[in-house]
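**Q** Got a structure here, written out as structure tokens. Questions coming.
The values are calculated or read from the model by the stated rules, or taken from the named source; none is laboratory data. Treat the numbers as computed from the prediction; the structure is a model and nothing was measured. In case anyone asks, the SASA skips ligands and DNA or RNA and just uses the protein heavy atoms, side chains included. Shrake-Rupley method; radii C 1.70, N 1.55, O 1.52, S 1.80 Å.
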Amino acid sequence: MGNDGGSIPKRREIINFAQQKLNSGDDEKVGGFSKEITVSKILNLFKYCQISQKVLQKPIVSDYLGNLYNKEDVLQYLIDKKRGNKVKESNINSLNDIVELKIDLSSEGVLKCLVSDVKIDINNDSNAGLADVMFSYIVPCGCAINSKVLHSLISDDDKEVKCPACGNGFDIADIIDINSLDKETRDKLDRRMKKLRENGLYHNLKKVKKRKRDSNGVEGIKKLKV
């Protein structure tokens, strides 16, 4: 399923195939998470912005480690940082350090996969398994898909594939596990970010442009309005 101009599977085909994969698999380890990571811990991270601790509401963005934020709160954070105000430590120094997500998370707390029938209530984990609550998103399109469904539709042998939700091509390395709690997963994402920096790229895959930094090392927010 390389980026060769081939057809994108129909939504019904994706749902049927992905559901078969989900029913035949196990939850021992999906997307880097082990069973020590509980469903409730993961779901709780879908509730609040990791900078402001406010309830998550669209537009929702994520950094390279899969942490979720309200975009509005990230903008305010960058403004405060530029002004030299005391802010919570974060790996976000620029708008290029985040990707805006296409995530189906309703105000009632229902999280849905964009390409399958997987649906969970983040306020009630009684009927959810690990395979249900693990989601990933793709850079740069930002489509958020159930991790097991996504990996069932692509092959790790393909260098470039197409997003099953929007059809845009992407590299396998640019799948980001959301709410990464597992050390192995976070180490993998750290290695990806290190490689991007070596190649002069931001998390969102835009090229780093050399520019004069202010005294706080903040860049990329000159046009923000207070």
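**Q** Take the residue pairs K47/K88; K81/K148; K119/K195; K71/K195 and return only those whose Cα atoms are more than 29 Å apart.
**A** Long pairs (Cα-Cα over 29 Å): K81/K148; K119/K195.
**Q** Please calculate how many Å² of accessible area the range 58-110 carries per residue, with a 1.4 Å probe and no DNA, RNA or ligand atoms counted.
**A** On a per-residue basis, 47 Å².
**Q** Okay, moving on. Just to check I understand the Karplus step: with θ = phi - 60° and J = 6.51 cos²θ - 1.76 cosθ + 1.60, what whole-Hz values come out for the range 47-56, glycine and proline as x?
**A** 9, 10, 5, 6, 9, 9, 6, 7, 4, 5
**Q** Non-local amide H neighbours of C163 (under 5 Å, H modeled in plane, Pro and chain starts lacking H): which ones?
**A** So C163 has HN proximity to N168, G169, F170.
**Q** Next question. Non-local amide H neighbours of V118 (under 5 Å, H modeled in plane, Pro and chain starts lacking H): which ones?
**A** For V118, the qualifying residues are C113.
**Q** List, in order, the whole-Hz ³J(HN,Hα) value for each residue of the range 143-155 obtained from phi through the Karplus relation with A = 6.51, B = -1.76, C = 1.60 and θ = phi - 60°; use x for Gly and Pro.
**A** My calculation for the range 143-155 gives 5, 9, 10, 3, 4, 5, 4, 4, 6, 6, 9, 10, 10 Hz in order.
**Q** Heavy atoms only, probe 1.4 Å: what % of the accessible area of the range 94-144 goes to carbon and sulfur, would you let me know?
**A** Exposed carbon and sulfur together represent 41 percent of the surface.
**Q** Mind listing the long-range amide H neighbours of I51? Cut-off is under 5 Å, sequence gap 5 or more, other chains count too, H placed in the peptide plane at 1.01 Å from N.
**A** N70
**Q** Still on this structure: Give me a comma-separated list of calculated 3J(HN,Hα) values for the range 62-73, in order, Karplus coefficients 6.51, -1.76, 1.60 applied at θ = phi - 60°, integers in Hz, x for any Gly or Pro.
**A** Each residue's phi maps through the Karplus curve to give 9, 8, 6, 9, x, 6, 9, 9, 6, 4, 4, 6 Hz.
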